[in-house]
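Working notes, beginning with the structure itself.
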Amino acid sequence: MLRRFAVVFNVIMVCALAGSVSAVVGGPNFRRGDANNDGNVNISDPVYISNFLFQGGPDISCYDAADANDSGTVDVSDIVFLYSYLFQGGAAPPNPGPTTCGPDPTSDSIGCLSTICP
């Protein structure tokens, strides 16, 4: 939990230093659900989030992408959301979606440090 806080804090500080003072809207293009930043939304993405949250795995480079349900935070609900989308015909991740690169259309306190999208 402390590690996650530290990473989120660093993302907020980078955004603040870049001129954004509160909510992050827009920002770099990304694919919602592509947590591991490989350009695809597949089984590896909920596994990557799970590894980060519960096993001390690698940091997430784009929290907006890992926030699959666009709740404004990366947590276990994003894992469940992606499994539902991938294997049970659940709703697709919100805009910009899992197949198209685009900016974040919603206001939240998370963002991206890097992304594979142009």
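The values are calculated or read from the model by the stated rules, or taken from the named source; none is laboratory data. Everything quoted here is computed from the prediction, not taken from an experiment. Please note: Cβ atoms are built from the backbone with ideal geometry, for glycine as well, and neighbour counts cover all protein chains shown.
Kindly provide the set of residues from the range 54-81 that are closer than 16 Å to Asn37 by Cβ and touching a helix residue (DSSP H, G or I) at 6+ places or on another chain (Cβ under 9 Å), ordered by number.
Scanning the range 54-81 gives Gly57, Pro58, Asp59, Ile60, Tyr63, Ala65, Ala66, Asp67, Ala68, Val74, Asp78.
With the checklist (1) surrounded by fewer than 21 Cβ atoms within 10 Å (Cβ to Cβ); (2) modelled with pLDDT of 95 or more; (3) farther than 13 Å from Leu82 by Cβ in hand, flag the one item Val21 doesn't pass.
Condition not satisfied by Val21: (2).
Mind telling me which of the residues Ser107, Ser114 ends up being touching a residue at least 40 places away in the same chain (Cβ under 8 Å), in a strand (DSSP E or B), of a type outside the set (Phe, Trp, Tyr) and touching a strand residue (DSSP E or B) at 6+ places or on another chain (Cβ under 9 Å)?
On inspection, the qualifying residue turns out to be Ser107.
Name every residue in the range 82-102 that is over 13 Å from Asp70 (Cβ atoms), out of contact with any helix residue (DSSP H, G or I) (no Cβ under 7 Å at 6 or more places or on another chain) and not hydrophobic (A, V, I, L, M, F, W, C), in order of residue number.
Within the range 82-102, Ser84, Gln88, Gly89, Thr99, Thr100 meet the criteria.
Would you point out the residue of the range 24-51, among those that are part of a helix (DSSP H, G or I) and in contact (Cβ under 8 Å) with a residue 12 or more places away in the chain, that is nearest to Gln88 (Cα to Cα)?
Pro46
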